[in-house]
1. Using a/c under 1.5 as the rounded threshold, could you call region 199-462 rounded, prolate or oblate? The axes a ≥ b ≥ c are square roots of the C-alpha gyration tensor eigenvalues, and prolate needs a/b larger than b/c, oblate otherwise.
2. For region 303-364, what does the alpha-carbon gyration tensor say about shape, rounded, prolate or oblate, given a ≥ b ≥ c as the root eigenvalues, a/c under 1.5 as rounded, and a/b over b/c as prolate?
3. Quick one: which of 114-123, 472-481 comes out on top by average Cβ neighbours within 10 Å, and what's the full order, highest first?
4. Would you mind classifying region 318-421 by shape? Square roots of the alpha carbon gyration tensor eigenvalues, ordered a ≥ b ≥ c; an a/c under 1.5 is rounded, otherwise it is prolate if a/b is larger than b/c and oblate if not.
5. Quickly rank 562-569, 489-496 as a protection proxy: mean count of other C-beta atoms within 10 Å, highest first.
6. Which order do the peptides 162-170, 350-358 take when ranked by the mean count of other beta-carbon atoms within 10 Å per residue, highest first?
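Each value in this text was obtained by applying a stated rule to the coordinates, not by laboratory testing. Treat the numbers as computed from the prediction; the structure is a model and nothing was measured. Heads up, the Cβs are rebuilt from the backbone with ideal geometry, glycines too, and the neighbour counts pull from every protein chain shown.
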């Protein structure tokens with residue numbers, strides 16, 4: 001590391017015509033700073049800027065400062081250009097590690113930004129300005145960066161979103177949400193740190209559950225847990241191979257027998273499958289250290305076949321691999337002996353869209369099994385699988401009638417035929433104003449196939465491991481409510497669980513209001529702000545999980561659920577009987593601790 005001498009030009013002062021305290025690599029930034037002649041929107045006239053705008057095609061470069069001592073809490077600067085994390089950006093490095101970075105906003109206009117230096121006052125740091133885009137048409141893709149006006153200050157030009165991690169005001173207490181690593185942006189958007197969407201590659205390996213999810217198409221975020229409740233988010237598993245090539249949805253398997261030959265003889269490889277942005281190139285990445293580091297397969301793409309979202313699983317009966325691939329509004333089936341070479345079976349499932357999940361479940365927990373195919377919208381069908389294709393025996397059924405249930409995926413908690421199956425979904429459309437995270441994951445639910453008066457149905461029930469979050473509880477039994485009676489139960493909990501059993505007269509509507517959300521139950525139907533649905537027999541049991549920004553309802557042991565994102569109002573519970581009497585046999589309200597802090 002080169003350190004700027006006391007009397008040498010300071011790295012942050014770009015007024016010198018040459019970069020005395022900087023090292024240039026590549027040709028993207030020319031020979032040094034240029035003077036703004038009024039052409040650079042938002043940069044004061046005459047301000048020196050480091051810019052890769054107008055660079056030649058297929059070029060890249062790095063401008064790296066000498067080390068300097070942090071003497072103030074913040075680094076203010078102006079930035080414009082593309083919004084390409086780690087590709088066209090400015091980085092702050094401490095001991096060679098990136099601790100902060102920022103990008104342009106897909107605009108030529110200067111955008112004021114502030115990097116937080118407070119943790120490194122008195123320490124040596126470096127600034128690195130990067131353009132690694134190396135594309136043929138850099139101006140079209142916003143594949144450039146321009147930086148100017150860098151200075152250390154005590155009062156930031158842009159407020160810093162500095163809230164203690166996992167203690168932010170609107171961080172859900174019992175739902176997984178993503179974190180930021182090097183950026184500091186509120187309400188992050190697609191492809192930015194703190195965002196998540198489609199669930200990917202849920203896999204169990206050596207007692208550890210791995211959760212992967214899209215950061216749109218930039219990378220797969222990655223978290224691990226031993227109990228499906230308390231999560232540790234790791235740095236992203238892997239990023240797209242090149243600028244805007246994309247790494248879309250997919251799946252992950254553990255190749256226990258090393259059929260792929262990717263293993264090292266010590267640890268079975270974890271193998272992830274995903275699609276590029278072209279919706280044709282199906283690719284693979286693998287890990288030999290339980291998912292901590294990943295390598296893109298050297299011969300990507302594995303195959304070029306429309307369209308995307310490869311879902312791969314082990315067919316234990318036939319001792320081979322099966323892939324379900326979405327394309328042209330259908331699911332296609334492929335088979336392989338080694339995960340590297342795939343054969344199309346010719347079997348298709350029409351009327352299907354995105355993010356397939358496919359698995360075998362036991363009926364009523366006994367030996368007999370059926371296969372379940374789940375589509376991107378959560379709808380499922382039940383049938384048989386012969387190793388080449390799926391024969392549907394039901395129409396498409398809806399397990400969740402809420403407003404925000406999408407892109408479900410599931411863990412197989414074990415190996416072999418029909419192990420325990422646990423499902424989560426992207427709570428699509430969640431919003432967290434002025435928070436450094438965006439979107440959330442639903443509560444993990446055990447899946448079971450059960451016989452009902454309407455035939456086989458997929459039941460979803462919150463996992464029993466959630467009991468570890470339960471703390472203070474209140475229980476009431478045998479409370480009789482007359483027609484028109486309002487029973488208010490005060491709570492002070494931002495996250496809680498309500499479980500109740502009841503008997504209502506045939507004409508009775510039981511209304512529940514929980515933290516601003518409304519559920520009205522009448523016979524075998526329910527409706528309200530969480531959604532509406534019908535089950536096979538009159539509703540006599542509910543299980544409801546309320547968090548800061550969501551409510552999840554499960555009726556009659558999970559025969560139907562409703563997942564909805566909303567901000568909780570006043571933390572209260574109010575029951576009202578309409579058009580008849582009702583006996584509340586048992587009701588239990590339990591406060592839920594944070595999965596992050598345990599408080």
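1. Details: a/c = 1.34, a/b = 1.14, b/c = 1.18.
Rounded shape, in that the Cα axes give a/c under 1.5.
2. On the way: a/c = 2.08, a/b = 1.12, b/c = 1.85.
Oblate, because a/c is 1.5 or more while a/b does not exceed b/c.
3. On the way: 114-123: 15.5, 472-481: 12.9.
Ranked by mean Cβ neighbours within 10 Å, highest first: 114-123, 472-481.
4. Taking the square roots of the gyration eigenvalues as a ≥ b ≥ c, region 318-421 is oblate.
5. 562-569, 489-496
6. Highest-to-lowest ranking by the protection proxy: 350-358, 162-170.
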